[in-house]
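Asker: Okay, here's the structure, questions in a sec.
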Amino acid sequence: MKQVYVGMGTDLIHHGHINIIEIARELGEVTVGLLSDKAVAKFSRMPFLSFDERKKILENLKGVKEVIPQYELDYEENLRKLKPDYVVHGSDWKSGPQRHVRQKVIELLKEWGGELVEPEYTHGISSTGLRNALKEVGTTPDIRRRLLKRLLDSKDIVRVLEAHNGISGLIVEDTRFEAEGEIREFDAMWVSSLTDSTAKGKPDTEYVDRTSRFQTINDILDVTTKPIILDGDTGGIPEHFELLVKNLERLGVSAIVIEDKTGVKRNSLFGTEVEQTLDTIEGFSEKISRGKRAQMTDDFMIFARLESLIAEQGMEDALTRAKAYIEAGADGIMIHSRHKDGEEILEFMKRYEEFEVKVPVISVPSSYNQFTEDELQAAGFSIVIYANHLLRSAFPAMQKTAQSILEHKRSKEAADQYCMSIKEILTILPN
């Protein structure tokens with residue numbers, strides 16, 4: 001029989017996909033190349049279901065002989081291996097981020113006389129539309145919590161933006177940008193203690209209690225589906241940290257970052273202008289270990305934030321602490337610096353590469369913001385967090401609006417220059 005290849009990435013099977021498979025079945029034996037999470041993430045959102053779950057669904061569809069992984073958006077590896085007589089794909093890829101992939105498929109098929117068959121795109125329904133509908137319904141704590149680990153396995157660098165309330169969470173959830181044949185969006189949300197405290201008009205000294213922090217998290221959970229990383233400050237005393245881990249897991253939060261300071265917590269960007277007291281290595285390691293033992297799932301992650309460079313304790317102290325915290329069970333580390341040139345961050349990462357046991361490392365380029373994500377990834381970082389930018393941009397915009405109203409004794413100028421229309425706001429909010 002003729003051999004037919006169908007590339008698919010979706011986890012939301014609808015009648016458009018069934019139509020593609022039925023057409024392929026009429027042409028010969030059907031092999032589905034199922035895109036890996038990494039491949040899908042290059043042009044769309046991370047699938048709700050894992051690769052193995054998606055594979056099981058497709059294997060049980062009538063007419064599918066075999067399902068094999070397609071590790072890249074590019075079809076070349078699988079096509080050269082199988083040399084199919086036909087490749088079947090909906091006509092929707094003639095434009096958009098996959099048009100270059102389509103052209104390469106055509107050129108490859110010419111080498112052995114294969115043919116590209118493009119059934120008309122099924123209008124009225126799409127995976128994107130279904131995903132948007134699911135987003136309106138929401139997600140489950142289990143699905144959301146495990147997403148961050150899947151992202152770390154699938155992406156060169158995970159892109160995270162700060163959110164401090166429901167509306168900023170929606171901005172992180174929905175903002176997209178297409179460039180260079182890819183769709184860029186934020187992968188996760190950072191619930192920062194600084195911006196959460198500032199939005200409430202409170203000092204960033206762990207003054208805002210956990211009940212209030214949980215309310216912020218719940219406001220964001222209500223209207224979003226992307227994973228959440230919580231800024232957990234020092235984590236509190238070990239007994240309280242154990243309970244915090246359990247509560248965050250139950251909510252569906254993916255990870256917490258705790259810093260190795262003690263006493264009254266002061267923001268790291270003050271550096272040594274204020275007193276920055278580090279916890280002992282033994283004390284902080286014990287807190288990490290107790291948090292890991294308290295976990296109920298394998299999905300939740302605890303990241304240890306190193307404050308050695310902030311407190312000017314030196315590179316050797318930072319490296320010693322990193323090794324100790326990894327041994328204590330930390331799933332990742334965050335290395336923080338307030339120096340704008342970023343040199344000590346790069347030096348740390350260079351030394352870190354020599355570790356026998358490594359975990360993902362978070363970069364927070366608030367000070368050294370000249371580095372691109374590609375440069376941070378090349379240095380060895382797995383996650384980049386834009387930790388406070390939505391609140392920092394909102395404050396001056398609100399100030400300008402308030403000043404304009406006072407200046408003109410009316411709102412027209414402010415509304416024309418600085419404000420969205422009420423109708424636009426209403427379209428942002430969930431139905």
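Asker: Look through the range 318-331, keep the residues that are touching a Ser or Thr at 6+ places or on another chain (Cβ under 7 Å) and touching a residue at least 60 places away in the same chain (Cβ under 8 Å), and return whichever of them is surrounded by the most Cβ atoms within 10 Å (Cβ to Cβ).
Answerer: First, the residues of the range 318-331 that are touching a Ser or Thr at 6+ places or on another chain (Cβ under 7 Å): 318, 321, 324-325, 328-329.
From what is left, the residues that are touching a residue at least 60 places away in the same chain (Cβ under 8 Å) are 321, 325.
On the way: Arg321: 23, Tyr325: 26.
Restricting to residues being touching a Ser or Thr at 6+ places or on another chain (Cβ under 7 Å) and touching a residue at least 60 places away in the same chain (Cβ under 8 Å), the top hit is Tyr325.
Asker: Give Ala397, Ala414 a once-over and let me know the one that is surrounded by fewer than 18 Cβ atoms within 10 Å (Cβ to Cβ), of a type outside the set (Asp, Glu) and in a helix (DSSP H, G or I).
Answerer: Ala397 is the lone residue from the list that is surrounded by fewer than 18 Cβ atoms within 10 Å (Cβ to Cβ), of a type outside the set (Asp, Glu) and in a helix (DSSP H, G or I).
Asker: Next question. So, of the residues in the range 102-120 that are open to solvent by 20 Å² or more (accessible area, probe 1.4 Å) and either touching a Cys at 6+ places or on another chain (Cβ under 7 Å) or among the β-branched types (Val, Ile, Thr) (or both), which turns out to be nearest to Ile21 (Cα to Cα)?
Answerer: Here the answer is Val117.
Asker: With respect to Arg159, determine if the residue is touching a Lys or Arg at 6+ places or on another chain (Cβ under 9 Å), at pLDDT 95 or above, open to solvent by 30 Å² or more (accessible area, probe 1.4 Å) and under 19 Å from Glu185 (Cβ atoms).
Answerer: So Arg159 passes the test.
Asker: Which one is surrounded by the fewest Cβ atoms within 10 Å (Cβ to Cβ) among residues in the range 178-188 that are under 15 Å from the mean Cα position of the chain (by Cα) and not basic (Lys, Arg)?
Answerer: Filtering the range 178-188 for residues that are under 15 Å from the mean Cα position of the chain (by Cα) and not basic (Lys, Arg), the one surrounded by the fewest Cβ atoms within 10 Å (Cβ to Cβ) comes out as Ile183.
Asker: Turning to a different aspect of this structure: Consider the range 70-85. How many of its residues are open to solvent by less than 90 Å² (accessible area, probe 1.4 Å) and either touching a Cys at 6+ places or on another chain (Cβ under 9 Å) or under 14 Å from Ala39 (Cβ atoms) (or both)?
Answerer: 7
Asker: Just wondering, is there one or more residues in the range 65-79 that are out of contact with any Gly (no Cβ under 6 Å at 6 or more places or on another chain), outside any helix (DSSP H, G or I) and more than 28 Å from Leu148 (Cα to Cα)?
Answerer: Yes.
Asker: For residues in the range 376-394 being of a type in the set (S, T, N, Q) and part of a helix (DSSP H, G or I), which is farthest from Lys358 (Cα to Cα)?
Answerer: Ser393
Asker: Related question: If I filter the range 26-43 for residues that are in contact with a Leu (Cβ under 7 Å, 6 or more places away or on another chain) and open to solvent by 50 Å² or more (accessible area, probe 1.4 Å), do I get at least one hit?
Answerer: Among the residues of the range 26-43, at least one is in contact with a Leu (Cβ under 7 Å, 6 or more places away or on another chain) and open to solvent by 50 Å² or more (accessible area, probe 1.4 Å), which makes the answer yes.
Asker: So which residues in the range 183-231 are under 19 Å from Val257 (Cβ atoms) and touching a Pro at 6+ places or on another chain (Cβ under 9 Å)?
Answerer: Asp187, Ala188, Met189, Ser197, Leu221
Asker: Here is a further query. What number goes with the only condition from (1) of a type outside the set (A, V, I, L, M, F, W, C); (2) out of contact with any Asp or Glu (no Cβ under 7 Å at 6 or more places or on another chain); (3) farther than 30 Å from Val101 by Cα that Thr216 does not pass?
Answerer: Failed condition: (2).
Asker: A further question follows. Would you confirm whether any residue within the range 294-307 is small (Gly, Ala, Ser), surrounded by fewer than 19 Cβ atoms within 10 Å (Cβ to Cβ), under 19 Å from the mean Cα position of the chain (by Cα) and in a helix (DSSP H, G or I)?
Answerer: No: the range 294-307 contains no residue that is small (Gly, Ala, Ser), surrounded by fewer than 19 Cβ atoms within 10 Å (Cβ to Cβ), under 19 Å from the mean Cα position of the chain (by Cα) and in a helix (DSSP H, G or I).
Asker: Among the residues in the range 355-377, are any open to solvent by 30 Å² or more (accessible area, probe 1.4 Å), free of Cβ contacts under 8 Å to residues at least 60 places away in the same chain and over 22 Å from the mean Cα position of the chain (by Cα)?
Answerer: The answer is yes, given that some residue of the range 355-377 is open to solvent by 30 Å² or more (accessible area, probe 1.4 Å), free of Cβ contacts under 8 Å to residues at least 60 places away in the same chain and over 22 Å from the mean Cα position of the chain (by Cα).
The values are calculated or read from the model by the stated rules, or taken from the named source; none is laboratory data. Everything numeric here is computed off the predicted structure, so don't read it as measured data. For neighbour counting, all protein chains shown are included, and Cβ atoms are generated from backbone atoms with ideal geometry for every residue, glycine included. The area values use the complete protein model at the heavy-atom level, side chains included, leaving out ligands, DNA and RNA. Shrake-Rupley method; radii C 1.70, N 1.55, O 1.52, S 1.80 Å.
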